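Asks: Quick one: the structure is below, and I'll ask about it shortly.
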Amino acid sequence: MESPNQEYLRRGNKIAGFVIHKTEGSFKSAVDWCTNPISQVSYHFIIDRNGDNICLVMPENTAWHAGLIRNPTAEIVKNGSNPNLYTIGIALAGLASEKPTLKQITKCAELLNYLANYYEIPLDKNTVIPHNSIRADKLCPGPYVSTEVLIYLSNCSQA
Ligand SMILES: [Zn+2]
């Protein structure tokens with residue numbers, strides 16, 4: 001399945017990092033929303049609570065998950081540029097106010113490991129960032145998603 005909410009390629013930008021999200025709903029509702037052209041929203045990947053993973057936008061293309069910038073703290077955010085153009089968006093199904101499952105965290109770490117190797121991106125706090133470090137008025141991905149843990153597990157996992 002592919003999302004219609006995407007731009008072909010990345011206007012010459014190199015992939016520089018990963019933005020971690022929660023979907024604020026079920027896996028199915030997130031897939032439905034991201035494949036509905038009305039939403040104008042998409043992630044590259046959505047990981048279900050059981051660890052199932054779907055790719056809705058190929059990483060070479062631009063998904064629409066972090067386009068709005070509000071008081072960013074992430075170093076990766078360049079002034080005046082759209083973060084969608086140089087990041088990969090990975091969303092865990094569920095509410096920001098609830099814990100992700102261990103299967104989701106494990107799958108996310110494996111995915112980060114694989115993509116980091118493939119695109120030659122180092123995994124650290126500047127390249128694996130929570131959505132709210134781009135947009136401070138969002139809770140996403142919430143207090144239970146630790147990018148530090150994801151980075152640690154990613155660097156441990158074997159691609
Ligand atoms: Zn988000």
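Asks: Can you list the HN-Hα couplings for region 63-75, worked out from phi with the Karplus curve (6.51, -1.76, 1.60; θ = phi - 60°), rounded to whole Hz and with x for Gly and Pro?
Replies: 8, 10, 10, 8, x, 8, 10, 9, 6, x, 10, 6, 5
Asks: Cross-link partners among lysines for K103, C-alpha distance below 25 Å, same-chain residues fewer than 8 apart left out?
Replies: Output for K103: K22, K28, K125, K138.
Asks: Show the residues, 5+ positions off or on another chain, whose built amide H is closer than 5 Å to the amide H of V128.
Replies: HN-HN under 5 Å from V128: F18.
Asks: Follow-up question, since we're still on this one. Show me the three semi-axes of the equivalent ellipsoid for region 29-159, from the C-alpha gyration tensor (sqrt of 5 times each eigenvalue), largest first, rounded to whole Å.
Replies: Its equivalent ellipsoid spans semi-axes of 20, 18, 16 Å.
Asks: Among the aspartates and glutamates, select those whose C-alpha is under 20 Å from the C-alpha of K14, and discard any that sit fewer than 8 residues away in the same chain.
Replies: Those aspartates and glutamates meeting the cut-off are E60, E75, E120, D124.
Asks: Residue by residue, what Karplus-based ³J(HN,Hα) values in Hz, rounded to whole numbers, does region 12-20 have, using 6.51, -1.76 and 1.60 with θ = phi - 60° and x for Gly and Pro?
Replies: So the Karplus estimates, Gly and Pro as x, are x, 7, 8, 5, 10, x, 10, 10, 9 Hz.
Asks: Sticking with this one: If amide H atoms are built 1.01 Å from N in the plane of the peptide, which residues on other chains or at least 5 residues away come under 5 Å of the amide H of H21?
Replies: Amide H neighbours of H21, under 5 Å, 5+ apart: I90, A91, L92.
Asks: List the relative contact order of the chain as a percent without decimals, with contacts defined as Cα pairs under 8 Å and 6+ residues apart.
Replies: 30
Asks: In terms of modelled amide H atoms, which long-range or inter-chain residues lie less than 5 Å from the amide H of R135?
Replies: Result for R135 returns R70.
Asks: Per residue, how large is the accessible surface of region 41-99? Use a 1.4 angstrom probe and give square angstrom.
Replies: That works out to 41 Å² per residue.
Asks: Could you derive backbone 3J(HN,Hα) for region 94-100 from the dihedral phi with the Karplus parameters 6.51, -1.76 and 1.60 (θ = phi - 60°), listing whole Hz in sequence and x where the residue is Gly or Pro?
Replies: Values per residue, Gly and Pro as x: x, 7, 4, 7, 10, 5, x Hz.
Asks: Let me ask something else. Rounded to a whole number, what % of the accessible area of region 41-159 do carbon and sulfur atoms account for, probe 1.4 Å?
Replies: Carbon-and-sulfur percentage of accessible area, whole number: 52.
The values are calculated or read from the model by the stated rules, or taken from the named source; none is laboratory data. The model shown is predicted, which means the values in this text are computed figures rather than measured ones. Side chains included, ligands, DNA and RNA excluded: accessible areas come from the protein's heavy atoms. Shrake-Rupley method; radii C 1.70, N 1.55, O 1.52, S 1.80 Å.
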